[in-house]
Amino acid sequence: MGWALALHGGAGDVPRTLPPELREPRLATLRRCLDLGAAALRDGRTALDVVELVVRELEDCPHFNAGRGSVLTAAGTVEMEACVMEGATLRCGAVSGLSTVANAVSLARLVMERTPHIYLAFDGAEAFARDQGVETKDPSHFITEHNIERLRQAKEANRVQIDYTQPLKGQQAQKETPADGNSQTGTVGCVAVDAAGNLATATSTGGLVNKMAGRIGDTPVVGAGTYANALCAVSATGKGEEIIRHTVARDVAALMEHRGLPLRDAAKRVVAGAPRGTVGLVAVSRGGEVCMAHNTTAMFRACATEAGHAEVGIWTDAGAGADGGESVSAAL
Amino acid sequence: MARWAIAIHGGAGVDPNLPESRQDEAKRVLARCLQAGVDMLRAGASALDVVEAVVRELETDPFFNSGRGSALTRRGTVEMEASIMDGRGRRCGAVSGVSTVKNPVSLARRVMDKSPHSYLAFEGAEEFAREQGLETVDNSYFITEDNVGMLKLAKEAGSILFDYRIPLAGTDTCSALAGADNHKGMVMNGLPISIYAPETVGCAAVDSSGFTAAATSTGGLMNKMTGRIGDSPLIGSGTYACGACAVSCTGEGEAIIRSTLARDVAAVMEYKGLPLQEAVDYCVKERLDEGFAGLIAVSSTGEVAYGFNCTGMFRGCATEDGFMEVGIWE
């Protein structure tokens, strides 16, 4: 038992040659957010408060694909989405299609706490944000030079970056590495269990580079990118369409609930069941176990437990299991 | 050769005082749409084509809350949503915030078949519909006089804006009063049951090759906030299909989402090894917290099942061995 938390900044096939200027700021943010979350848990904050707090920080960091730093749609705009869920009560809130809200995760929490609904999107979500008086920004706040360049490259390559299921006519199935090696990554998420055993999860994203306007990914879909119940809390990242069809986050919980698997085995099985290179997740159990599993070459990730285990990483060392990267720690 | 089977629904949570004439009309529509699906399955159509065609029929008929006849938002507009899932390969497509597409379920199928994404919403979904050349109509086409009246009543009832988990003073909730004489206080989704428009539609089918599919379509909640997304378009919540079964849910969307109800039926079959009807019963009993909902399901081996924990569900089902049923109450 004891508190634990894990966070991610996206999973994907990131080359180890990722230049330091793209690597270091992310590692630094992961460390800072881990410390922030751990300190809040030590102070007795609830898991729900902690995941919101941590994801807000990750959203504010321009190096991840959420909040400021969100990738751009085909129209050059940002459309952000987020979800939050509390394990004990199964309460949840989600938002999609945000273009001015500084912290999408906090609006998701307000949907959960102040509306009879779970999920608000686009104009209705923006109107609700104004009703609630949350901080909004000019859309230009979210758009970074780096993402303008990414979109330009994606368009130049004339490829719908995520069209991995059905190659466009006349094209080979493309498994190419995007120009900067990590365009597909950067969704952020956090899971936590507090000292009282409460579980919570939150995920936030700008979606995919060059996505069609109106596209919704796995992040705000309860059970796909985000899920928590009385047994565990999960936040997933990767190729949204795969995560949706595999109901990844819910399936980790379902394997624990219906099959009696421990967290680690449940997470490994779900990640192994999705096509290679598509899914990563972080999860914590009620008992304070932490699991960070991915079948991509990399996942920006960090975790800490009350028992003193802490780690921050991107790639997985050679020699990891055949089912891709996986790192697990159990607080004893 | 597997055996085909089909189940359809037109919503869960039915006003026990629904006039006989309305009940008869509901059954007529259900029987007609069910028969259309049965004919297609007999002729060898795929489950995927069948669920799309049957849901199109249900959308087009103004009786139910989907397509024409959709419930209205607070602003008096229609915002429809739908999803479809092919158990073969677990492919899926979904749409939300659709305001001019005549048959949202077909747009969901186009998202699945013709876009790199699984889910499109609002303007982006409308734009994609135009690109794809789907039939569109003016928003007023979907708005029926009945629903304009219902929206007025819903606004007068002042509900939905408040937490519907808290029963209105002096009232009780749906199932607690099922069968009682006085249903006036019954509340579902924050609305008095007499105003509540439960009639989300859905279809689950398995074809004679053993492939499953499910589709769900809805106008959502009467008097909902603009932009509200319910369970119907959410894969794993309102709709799910895989190698084991296909499921379509209806009822209080938020309860269905929290329990990822459709996926859970499949997960209970896969991970607990329960047969279809037991999985349905388990999920209705154990997985729905304080919410009211119902679902229909078929297994890949040709069984049909349904379950609900509130007053009635408009439903119909048929199997290859000649069983056919259309019903509302328990």
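The values are calculated or read from the model by the stated rules, or taken from the named source; none is laboratory data. For clarity, every value in this text was computed on a predicted model and none was experimentally measured. Counting neighbours? That spans all protein chains shown, and the Cβs are built from the backbone with ideal geometry, glycine included.
Below are the figures for this structure:
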read-out	value
So B:Leu276, is it touching a helix residue (DSSP H, G or I) at 6+ places or on another chain (Cβ under 9 Å), hydrophobic (A, V, I, L, M, F, W, C) and within 25 Å of A:Gly87 (Cα to Cα)	no
Residue in the range A:172-180 that is touching a Leu at 6+ places or on another chain (Cβ under 8 Å), at pLDDT below 90 and of a type in the set (S, T, N, Q) present	no
Residue selected from the range B:220-270 under the condition charged (D, E, K, R) and within 9 Å of another protein chain (Cβ to nearest Cβ), by the criterion farthest from A:Val252 (Cα to Cα)	B:Lys224
Flag if B:Thr216 is modelled with pLDDT under 95, under 17 Å from the mean Cα position of the chain (by Cα) and either of a type in the set (S, T, N, Q) or assigned to a strand (DSSP E or B) (or both)	no
Members of the range A:124-138 that are part of a helix (DSSP H, G or I) and farther than 17 Å from A:Gly206 by Cβ	A:Gly124, A:Ala127, A:Phe128, A:Arg130, A:Asp131, A:Gln132
Leading residue by the ranking (farthest from B:Gly124 (Cα to Cα)) among those in the range A:107-123 that are touching a residue at least 12 places away in the same chain (Cβ under 8 Å) and part of a loop (DSSP other than H, G, I, E, B)	A:Thr115
One residue from B:Gly93, B:Gly89 being within 14 Å of chain A (Cβ to nearest Cβ), touching a strand residue (DSSP E or B) at 6+ places or on another chain (Cβ under 6 Å) and either assigned to a helix (DSSP H, G or I) or not basic (Lys, Arg) (or both)	B:Gly93
Flag if B:Asn223 is in contact (Cβ under 8 Å) with a residue 12 or more places away in the chain, at negative phi and not aliphatic (A, V, I, L, M)	no
Subset of the range B:45-73 [under 15 Å from B:Ala318 (Cα atoms) and not β-branched (Val, Ile, Thr)]	B:Ala47
Residue count for the range A:243-269, restricted to those that are in a helix (DSSP H, G or I) and either in contact (Cβ under 8 Å) with a residue 40 or more places away in the chain or more than 9 Å from chain B (Cβ to nearest Cβ) (or both)	12
Conditions (1) touching a Phe, Trp or Tyr at 6+ places or on another chain (Cβ under 6 Å); (2) at pLDDT 95 or above; number of the one not met by B:Gly251	(2)
Hits in the range B:280-289 - residues which are touching a helix residue (DSSP H, G or I) at 6+ places or on another chain (Cβ under 8 Å) and more than 10 Å from chain A (Cβ to nearest Cβ)	B:Val280, B:Cys283, B:Leu288
Given (1) surrounded by fewer than 22 Cβ atoms within 10 Å (Cβ to Cβ); (2) within 14 Å of another protein chain (Cβ to nearest Cβ), index of the condition A:Asp60 fails	(2)
Candidate set: the range A:270-293, residues that are touching a residue at least 40 places away in the same chain (Cβ under 8 Å) and β-branched (Val, Ile, Thr); chosen: the one farthest from B:Gly238 (Cα to Cα)	A:Val290
Failed condition for B:Asp39, given (1) charged (D, E, K, R); (2) surrounded by fewer than 24 Cβ atoms within 10 Å (Cβ to Cβ); (3) within 19 Å of the chain's Cα centre (by Cα)	(3)
Search result, residues across the range A:142-171 that are under 15 Å from A:Leu208 (Cβ atoms), at pLDDT 50 or above and of a type in the set (Val, Ile, Thr)	A:Val160
Any chance B:Ser299 is more than 14 Å from chain A (Cβ to nearest Cβ) and buried (at least 24 other Cβ atoms within 10 Å of the Cβ)	yes
All positions within the range A:270-289 that are buried (at least 24 other Cβ atoms within 10 Å of the Cβ) and part of a helix (DSSP H, G or I)	A:Val270, A:Val271
Some residue of the range A:50-69 being touching a residue at least 24 places away in the same chain (Cβ under 8 Å) and polar (S, T, N, Q)	yes
Some residue of the range B:143-153 being of a type in the set (Asp, Glu) and over 30 Å from B:Ser299 (Cα atoms)	yes
Residues of the range A:124-146 satisfying the condition of being within 12 Å of chain B (Cβ to nearest Cβ), touching a residue at least 12 places away in the same chain (Cβ under 8 Å) and of a type in the set (Asp, Glu)	A:Glu126
Residue check, B:Glu59 out of contact with any Pro (no Cβ under 9 Å at 6 or more places or on another chain), assigned to a helix (DSSP H, G or I) and under 20 Å from B:Ser106 (Cα atoms)	no
Scan of the range A:87-111 for residues that are surrounded by fewer than 24 Cβ atoms within 10 Å (Cβ to Cβ) and either more than 10 Å from chain B (Cβ to nearest Cβ) or aromatic (Phe, Trp, Tyr) (or both), ordered by number	A:Ala88, A:Ser99, A:Thr100, A:Ala102, A:Leu110
Sole residue being among the small types (Gly, Ala, Ser), at negative phi and within 12 Å of chain B (Cβ to nearest Cβ), chosen from A:Ala40, A:Ala74	A:Ala74
Count of residues meeting criterion [more than 30 Å from B:Pro192 (Cα to Cα) and part of a strand (DSSP E or B)] in the range B:312-323	2
Answer residue from the range A:219-242, given it is in contact (Cβ under 8 Å) with a residue 40 or more places away in the chain and farther than 24 Å from A:Glu52 by Cβ and is nearest to the other protein chains (Cβ to nearest Cβ) among those	A:Glu241
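Each row is one residue, and each column tells you yes or no for (1) within 14 Å of chain A (Cβ to nearest Cβ); (2) exposed (fewer than 14 other Cβ atoms within 10 Å of the Cβ); (3) in contact with a strand residue (DSSP E or B) (Cβ under 7 Å, 6 or more places away or on another chain).
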{"residue": "B:Ser106", "(1), (2), (3)": "no, no, no"}
{"residue": "B:Pro116", "(1), (2), (3)": "yes, no, no"}
{"residue": "B:Ala129", "(1), (2), (3)": "yes, no, yes"}
{"residue": "B:Asn139", "(1), (2), (3)": "no, no, no"}
{"residue": "B:Glu145", "(1), (2), (3)": "no, yes, no"}
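Residues checked against (1) touching a helix residue (DSSP H, G or I) at 6+ places or on another chain (Cβ under 7 Å); (2) modelled with pLDDT of 95 or more:
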{"site": "A:Glu21", "(1), (2)": "no, no"}
{"site": "A:Asp35", "(1), (2)": "no, yes"}
{"site": "A:Arg42", "(1), (2)": "no, yes"}
{"site": "A:Leu48", "(1), (2)": "no, yes"}
{"site": "A:Ala66", "(1), (2)": "yes, yes"}
{"site": "A:Glu81", "(1), (2)": "yes, yes"}
